[in-house]
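Okay, structure first, notes after.
Each reported figure results from applying straightforward, stated rules to the coordinates on display, with no laboratory input. No experiment lies behind these values; they were computed from the predicted model shown. A quick note on method: Cβ atoms are made from the backbone with ideal geometry, for glycine too, and the neighbour counts reach across all protein chains shown.
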Amino acid sequence: MSVLEDAISTMSASSSVGEERPDLDRFYTPSLLADELVNLATVHPSSVVDFAAGTGNLLAAALKKWPNALLYANDVDADAIKQAGERLPLAEARSADFLSSRFHVHNTGEAQGWSIILLNPPFSQREAPVHVPLGRHSGLRCSRSMAFVMTAVQYLSAGGQLLAILPSSTLLNKIDQTAREVLQSTYSVEVVREPAYGLFEGADVSTYFLRISESDRPAFPSVTRKADLQSWKIIRGSISIARAHRRNAGTRGWVHTTGLNQGGISHRYEFPGQAYGKIAPSGSILLPRVGRFGSDKIVLVERDDGEHLSDCILAIQHSALDPAVIADLLKSNFSQLQTFYGGTGAPYITRDRLYAFLAEML
Ligand SMILES: C[S@@+](CC[C@H](N)C(=O)[O-])C[C@H]1O[C@@H](n2cnc3c(N)ncnc32)[C@H](O)[C@@H]1O
């Protein structure tokens with residue numbers, strides 16, 4: 001057997017290191033299926049990565065198809081990644097939990113991203129039914145396999161493609177609905193192999209292939225994105241007065257989320273004494289920081305001396321863009337904005353998540 005043949009010969013689940021970690025889902029992709037997946041790529045990659053590479057079966061198929069591409073592998077299972085490194089000429093191998101910040105902190109230097117991302121992520125939901133992607137889509141809650149996709153997709157280079165083998169449940173289930181909407185509104189997303197049972201020996205699960213294509217959006221995180229973000233300023237309001245003590249104030253007073261209505265400020269509340277608290281200047285855009293709301297609560301501050309804000313409101317300013325344009329952008333990307341609101345009780349957004357959304361939106 002030649003070195004290349006040796007490298008690309010498939011390792012089955014049974015040849016993996018022990019079975020003491022069933023949560024890892026070591027259902028390694030059979031060689032024919034791995035070939036089928038990489039043959040569905042329509043770009044010619046300079047670099048290929050698998051963030052849950054196991055012993056490297058998907059990367060072995062990539063090596064066969066694109067012998068000159070740089071191959072990168074990560075897997076939380078250090079023994080599996082060692083085996084991948086022994087059989088494949090990897091440019092880099094890592095062993096980190098892809099759904100933990102350890103991987104991503106280390107990776108912020110990878111500004112250009114990868115031209116092809118291959119994934120056959122773990123599917124099982126044993127330890128938790130709800131998972132949180134890291135990075136740009138951290139406002140989402142979704143299944144484990146979808147959390148891998150939503151975390152991985154931000155590492156696509158401009159014009160790159162992500163090819164994933166996923167459980168068919170992710171096409172219809174409620175938990176992944178928002179993730180599906182975000183993918184569809186942001187990328188070109190295609191089911192390139194219909195759902196089918198029996199593709200993985202020993203796993204009673206229906207799977208399909210998904211292809212996600214970046215158009216010409218810049219990769220994340222890029223230096224220009226960071227520079228762009230410096231043009232944004234987000235102010236969080238500071239006034240907090242219990243409902244029982246709020247008195248309507250006519251035209252002067254502080255603004256709470258209840259006063260953001262139909263694109264304007266319907267009412268304000270009286271200050272107990274002197275006016276105080278953070279002011280959103282004229283031309284900034286207000287939106288609730290907490291709670292479920294409609295796009296009519298996105299409101300432009302028109303008053304020359306600004307508005308005093310409740311701590312449930314955020315104000316957004318941009319150093320160059322026309323405020324009306326920002327308001328329109330927020331409204332036209334409203335369903336995506338909602339996905340950046342997270343939390344176990346009332347949904348809320350942090351300033352960091354809002355910055356991430358603004359970076360995404362532009
Ligand atoms: C279904 S196997 C696929 C392996 C390989 N991509 C293939 O197709 O042959 C899933 C892999 O995900 C890895 N894995 C599970 N949880 C992980 C995590 N949090 N971060 C990185 N890898 C993980 C497992 O160790 C396992 O190798």
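Can you give me the relative contact order of the range 224-361 as a percent, contacts being Cα pairs under 8 Å and 6 or more apart? Present the calculation step by step, with values, prior to reporting the outcome.
Values: 256 pairs, mean separation 39.6, N = 138.
Rounded, it is 29 percent for the range 224-361.
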To the nearest 500 deg cm²/dmol, what mean residue ellipticity at 222 nm is calculated for the chain from DSSP H runs of n ≥ 4 alone, each contributing -39,500 (n - 2.57), summed and divided by the residues?
-7000 deg cm²/dmol
Ordering 51-64, 162-175 by per-residue average of other C-beta atoms within 10 angstrom, highest first, gives 51-64, 162-175
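Cα-based Rg of the range 224-361 per 2.2 N^0.38 Å, rounded to two decimals? Walk me through the intermediate numbers first.
Working: Rg = 14.5 Å, N = 138, 2.2 N^0.38 = 14.3 Å.
Taking the Cα Rg and dividing by 2.2 N^0.38 Å, one obtains 1.02.
Sorted by average packing, counted as other Cβ atoms within 10 angstrom per residue and highest first, what order do 196-203, 311-318 take? The partial results should precede the final answer.
Values: 196-203: 13.2, 311-318: 21.4.
Descending packing order for the listed peptides: 311-318, 196-203.
Sort 254-265, 134-145 by packing, meaning the average of other beta carbons within 10 Å per residue, with the highest value first. Don't skip to the end; give the middle numbers.
Values: 254-265: 18.5, 134-145: 22.6.
Packing order, densest peptide first, comes out as 134-145, 254-265.
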Using a basic spin-label model with each label point 7 Å from the Cα along Cα→Cβ, how many nm lie between ASP97 and SER124?
1.6
0 to 90° range, to nearest 10: angle between helix 351-361 axis and the chain longest Cα axis:
70
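Based on DSSP, what percent of beta bridges with both residues in the chain are antiparallel, to the nearest 5? Intermediate results must be reported in sequence, preceding the final value.
Working: 34 of 52 bridges.
Taking every DSSP beta bridge with both residues in the chain, the antiparallel ones total about 65 percent.
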Label point 7 Å beyond Cα of ALA324 along Cβ direction - residues of the range 252-270 with amide nitrogen under 19 Å:
262-265
Compute the acute angle (0 to 90°) between the alpha-carbon long axis of helix 78-87 and the principal axis of greatest extent of the alpha-carbon atoms of the chain; round to the nearest 10°.
50
Remind me, relative contact order of the chain in percent, using alpha carbon pairs under 8 angstrom and six or more residues apart?
13
What is the extension gain from LYS64 to ARG351, computed as 0.36 nm multiplied by their sequence separation minus the C-alpha to C-alpha distance, in nm to one decimal?
98.8 nm
What is the spin-label model distance, in nm, from ASN261 to ARG247 if the labels are put 7 Å beyond Cα along the C-beta direction?
2.1
Of the residues ARG292, ARG193, ARG351, which exhibits the maximal mean-square fluctuation in a Gaussian network model of the chain defined by a 10 Å Cα contact cut-off?
ARG292
What spacing in nm lies between the two simple spin-label points modelled at HIS44 and SER231, each 7 Å away from Cα in the Cβ direction?
3.5
With Cα atoms, 0 to 90° folded angle of helix 323-332 axis to the chain main axis:
50
Distance from the range 273-346 to the range 117-188 (C-alpha centre basis), Å
29
